1. Does ARG514 satisfy the criteria of being part of a helix (DSSP H, G or I), touching a Lys or Arg at 6+ places or on another chain (Cβ under 7 Å) and within 22 Å of PHE256 (Cβ to Cβ)?
2. Within the stretch 97-113, is even one residue surrounded by fewer than 22 Cβ atoms within 10 Å (Cβ to Cβ) and over 30 Å from the mean Cα position of the chain (by Cα)?
3. Inside the stretch 418-430, can you point out the residues that are surrounded by fewer than 24 Cβ atoms within 10 Å (Cβ to Cβ) and part of a helix (DSSP H, G or I)?
4. Which of the strands (runs of 3 or more DSSP E) contained wholly in the stretch 63-160 include at least 1 residues that are farther than 30 Å from PRO33 by Cβ and either in contact with a strand residue (DSSP E or B) (Cβ under 6 Å, 6 or more places away or on another chain) or at pLDDT 95 or above (or both)?
5. Which ones in the stretch 453-474 are outside any loop (DSSP other than H, G, I, E, B), touching a Leu at 6+ places or on another chain (Cβ under 8 Å) and not small (Gly, Ala, Ser)?
6. From SER548, SER489, which residue is in contact (Cβ under 8 Å) with a residue 40 or more places away in the chain, surrounded by fewer than 20 Cβ atoms within 10 Å (Cβ to Cβ), outside the structural domain of ARG445 (by TED's automatic domain parsing) and over 28 Å from VAL34 (Cα atoms)?
7. Given (1) touching a residue at least 60 places away in the same chain (Cβ under 8 Å); (2) farther than 24 Å from VAL335 by Cα, where does SER195 come up short, assuming only one miss?
8. Which number in (1) within 29 Å of ARG307 (Cα to Cα); (2) within 22 Å of the chain's Cα centre (by Cα); (3) touching a residue at least 24 places away in the same chain (Cβ under 8 Å) marks the one condition that ALA519 misses?
Amino acid sequence: MKKVWFIGAVSLLALLAAGVAGVHRWFNPPPPPVQLFTNGTILTMDPGNPQVNAMLVKRGEIVALGDSDALRDQVSRDVRVVDLQGGVLMPGFIEAHGHFPGEGLSAVAVDANSPPIGDLDSIDTLLERLRTLAQRRTDGALMAYGFDDTTVSDQRYPTRAELDAVSETRPIMVLHISGHLGVVNAAALKAMSISENVQDPPGGYYGRDDDGRLNGLLAETAFNPVRANLLKLSAMDGYRVMRRASRLYLSRGITFAQNGLADTTTIKALVPALRFGLIPLRLSVWPDAAAEQARQNGQWTLPEGERVHLGSVKLVSDGSLQGYTGFLNDPYFSVPEDHPPEYLGFPNQSPQQLSEQVVQFHCAGRQTAIHANGDAAISMSLDAVAAARQQCPDMTVQPVLIHAQMATGEHLTRMQTLDVIPSFFNNHVYYWGDRHRDIFLGPERAARISPLSEAADAGLRFTLHADSPVVPFQPLQLVWNAVQRRTASGAMLGPEQAIPVERALQAVTVDAARQLGVADRVGQLRIGMRADLVWLDRDPREFIGDWSSIQVRGTWVDGVRRYPERIAE
């Protein structure tokens, strides 16, 4: 009897193992033995061999570039030929900083973006969409993301009372477009044990009404734990979000995603998806300070795999300019009535605390990536890097400065001296440029946001990012915005900070790979590199002015065609 039980148990385990292996293979098909890409322009992003007309790939590795006829002679007749039909093949786009899979939240939450991203026009519309979501999703918290108080007709945030009218029993969170603020209802406050007499934490605050009662608005460090708690999704919802985000990214030619500021809970939720290969593109995970400490203490580890990457330790020095929480040297151009006239924003932590964090991780050999928008926050962050460089002068790892919106000429010089990589959120020019000019910063300071041309003149190798899901990560739009410097209204903003299209393409491919520390594998098309590729119908160097009409015809990750899905080649 025991023998029969043992044999049955072994058989069951074998079946389960076979099932798991089958699932893994379904989501992770092997690359074709040999592929020949031909009949188009192959833009390599390699200055030593910038353009060819054919490329040979064997099992996901680039083995030859050159003339089509010469390469065809190197393989047998059963080579899989990819006819580029006169289009352009180039390295897949790489996310230098974002919050994957945040763009997939539309699978489980209300998209509360206003034009030019979405179509939300008022708080009434927001509340109606939350009620509709409540009918569709009958259990758990209700969420909306992308809300911007400066673009709705009401010109304000929703209140706790308005969200309570949607539901008094289910927690509700409306996430500001910056990700640094949010509004919640009474049920959410109760779930987090936040009482009326709660004190503002350092680096954050709780909004209150005229009577001194909590109005539901939370900012920065007051908001962070609430956001983290309400974003804990079920396994199925998490899969839905990842699936939608992956499809969006691949449809835009993105082959390498990034999850910045990941806490331990988020990372542990990602691990099964990474282990079973459910995310069809590469992913760099950036732990926050607490998660990195937990990793060093052995509390979590990322699974090994070609598509899994442990990235920088993400730290935060301030908030967002459009949320009035960015830390400035000089007051905001205009401020809300409930703010003092000389309002500067504020840091998320003290200069000493930030410096201690940067020194700790830098001296341990870990790359740090510091969020800094305002000029005061940038100075504070560079001071922290300088302290780390002084304490550990032999450590060659390059820190990254994330966003760097208000970097001055002096800041750029310091970045060069301290060997810091700036990653610019340059789409601020398009999405908020008009409001930076008229509301937040004023004309002079707004014209200098994301000073790409000055950074290039300073000899800096920089990257571009969209901080997705703050705004959609559209790589070609990033390139266009770097070249054109146009706002959503069509106005030019700081045209002297524009850069050539070739330099902008470099920032979302080879320089992004360099920043992530993977330039030996991806970011260029060279012999020995992995075949992470995007096929465009037209040359972006010629048609970037009409970027939205450039079509992605195919996306390959490690030689496997991932977009369109399950295509028969």
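1. Values: part of a helix (DSSP H, G or I): yes; touching a Lys or Arg at 6+ places or on another chain (Cβ under 7 Å): yes; within 22 Å of PHE256 (Cβ to Cβ): yes.
Yes.
2. no
3. Correct list: LEU418, TYR430.
4. On the way: elements: 80-83, 88-91, 142-147.
Here the list reads 142-147.
5. Going residue by residue through the stretch 453-474, those that are outside any loop (DSSP other than H, G, I, E, B) are 453-457, 463-464.
Adding the requirement that they be touching a Leu at 6+ places or on another chain (Cβ under 8 Å) leaves 454-455, 464.
Listed by number, the residues that qualify are GLU454, LEU464.
6. Numbers: SER489 fails: outside the structural domain of ARG445 (by TED's automatic domain parsing).
Result of the check over SER548, SER489: SER548.
7. Among (1) touching a residue at least 60 places away in the same chain (Cβ under 8 Å); (2) farther than 24 Å from VAL335 by Cα, SER195 violates only (1).
8. It is condition (3) that ALA519 fails.
The values are calculated or read from the model by the stated rules, or taken from the named source; none is laboratory data. This structure is a prediction, so every number in the text was calculated from the model and none was measured. All Cβ positions, even for glycine, are placed from backbone atoms using ideal geometry, and neighbour counts span all protein chains on display.
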